Amino acid sequence: MKRVNSEYILAFNRGPQREMESYYLPGSRSGSLVMKPTHNLVEAFPMKDGKSITESPLYDPANPYLNRDPRFDYSIIYNGLSYTSNTGPKTPIWTYQSAGSTIPNTTSDGYVAGGYFTGYFSRKMLDENLASNTAGTTDRGWSLIRYAEILLNYAEALNETGATDKAYAPLKQIRERAGILPGADGLYGMKANMTVEEMRSLVQNERRIELAFEDHRFNDIRRWMIAEQVLTGFNKVMIITRTGETTYTYRAASAPRPLNFRKAMYLLPIPLTEIQKMPLMVQNPGY
């Protein structure tokens, strides 16, 4: 990411480094696999016509990463994506089962039962010219507040105050900037005449994908009081099986570790050191 960027409202600039490449890239790029996006997030990205994967005629279950919202390609590393290799040239990253054993001399980045792989890796904010051990570094600006968030905040505020019809304009800007097709009606895939509840769901999903990996999601689902719904049960992973030279089957499955968001987690615990300073202070419920 550029250190000087007109998108930034507030950013934290870092000196030359390749830390994020080391943390987030898959094993075949000598990364530490810190970030493994879920299939739940992947499903949240619409198609390039702006419609969801369940509504768009562009979605093909046999080729699920084709014709997606351009933000998907910028955010997610998926099976077959071409990316800088450890030696420099771009080569595909394979995330299907047993990829390392079926393609000689490659590291398996594919799904392994019990290995907490999801079939995906994080791409957003990485310098695509760098692998984890490639020579070179990048100047990086970590976005704290950027213009897209201002537009999303504005759309949410308009909708929550009853001006749902006016919330379309900032969302159109978001989707136009992202590269979504406007469509014949100029709504960039959005349903016309949405109710407050429908617009709220759209805004929440738009924040999820536009601000993915920017440290917003956990705070968002807590302030919306929906964390008990979205962080209960199991996340989804994508199990990909290679069936031919260039063909695959795709099957969504449950991650091995269940989620259990407790109601107490809507608040954070007050540090013991602060309570000791003021013995009459009462700890938040559930801690």
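Things to note:
- Of all residues in the range 14-53 being assigned to a strand (DSSP E or B) and open to solvent by 70 Å² or more (accessible area, probe 1.4 Å), the one that is modelled with the lowest pLDDT: Arg14
- Within the range 94-123, residues that are within 25 Å of Phe213 (Cα to Cα) and at pLDDT 80 or above reach partners that are surrounded by 14 or more Cβ atoms within 10 Å (Cβ to Cβ) and acidic (Asp, Glu) with beta carbons closer than 8 Å, at six or more positions or on different chains, in the pairs Trp94/Asp109; Thr95/Asp109; Phe117/Asp109; Phe121/Asp109; Arg123/Asp73.
- Among the residues of the range 178-199, those that are farther than 15 Å from Phe45 by Cβ and in a helix (DSSP H, G or I) comprise Val196, Glu197, Glu198, Met199.
- Residue list for the range 65-76, filter: surrounded by fewer than 20 Cβ atoms within 10 Å (Cβ to Cβ) and either among the aliphatic types (A, V, I, L, M) or at negative phi (or both): Tyr65, Leu66, Pro70, Asp73, Tyr74
- Met281 out of contact with any strand residue (DSSP E or B) (no Cβ under 7 Å at 6 or more places or on another chain), on the phi < 0 side of the Ramachandran plot and either β-branched (Val, Ile, Thr) or modelled with pLDDT under 95 (or both): yes
- Taking the criterion of being without any contact (Cβ under 8 Å) to a residue 12 or more places away in the chain and either of a type in the set (Phe, Trp, Tyr) or closer than 16 Å to Lys51 by Cα (or both), the residues of the range 197-208 that qualify are Glu198, Ser201.
- Failed item, numbered, when Glu149 is tested on (1) part of a loop (DSSP other than H, G, I, E, B); (2) within 20 Å of Phe72 (Cα to Cα): (1)
- Pairs, first over 28 Å from Thr249 (Cβ atoms) and open to solvent by less than 10 Å² (accessible area, probe 1.4 Å) in the range 77-88, second of a type in the set (Asp, Glu) and assigned to a strand (DSSP E or B), C-beta under 8 Å, six or more apart: none
- Close pairs from the range 209-224: first over 18 Å from Pro46 (Cα atoms), partner at pLDDT below 95 and among the small types (Gly, Ala, Ser), Cβ under 8 Å, at least 6 apart: Glu214/Ser143
- Here Trp224 meets the list (1) closer than 22 Å to Lys36 by Cβ; (2) surrounded by 11 or more Cβ atoms within 10 Å (Cβ to Cβ); (3) within 20 Å of the chain's Cα centre (by Cα); (4) at pLDDT 95 or above almost entirely, failing just condition (1).
- Residues satisfying the stated conditions in the range 128-172, i.e. polar (S, T, N, Q), within 14 Å of Leu211 (Cα to Cα) and either open to solvent by 20 Å² or more (accessible area, probe 1.4 Å) or at pLDDT 95 or above (or both): Asn153
- The set of residues in the range 1-13 that are surrounded by fewer than 17 Cβ atoms within 10 Å (Cβ to Cβ), in a loop (DSSP other than H, G, I, E, B) and not charged (D, E, K, R) comprises Val4, Asn5, Ser6.
The values are calculated or read from the model by the stated rules, or taken from the named source; none is laboratory data. On a predicted model such as this, the values are computed, not experimentally measured, just so you know. All Cβ positions, even for glycine, are placed from backbone atoms using ideal geometry, and neighbour counts span all protein chains on display. Side chains included, ligands, DNA and RNA excluded: accessible areas come from the protein's heavy atoms. Shrake-Rupley method; radii C 1.70, N 1.55, O 1.52, S 1.80 Å.
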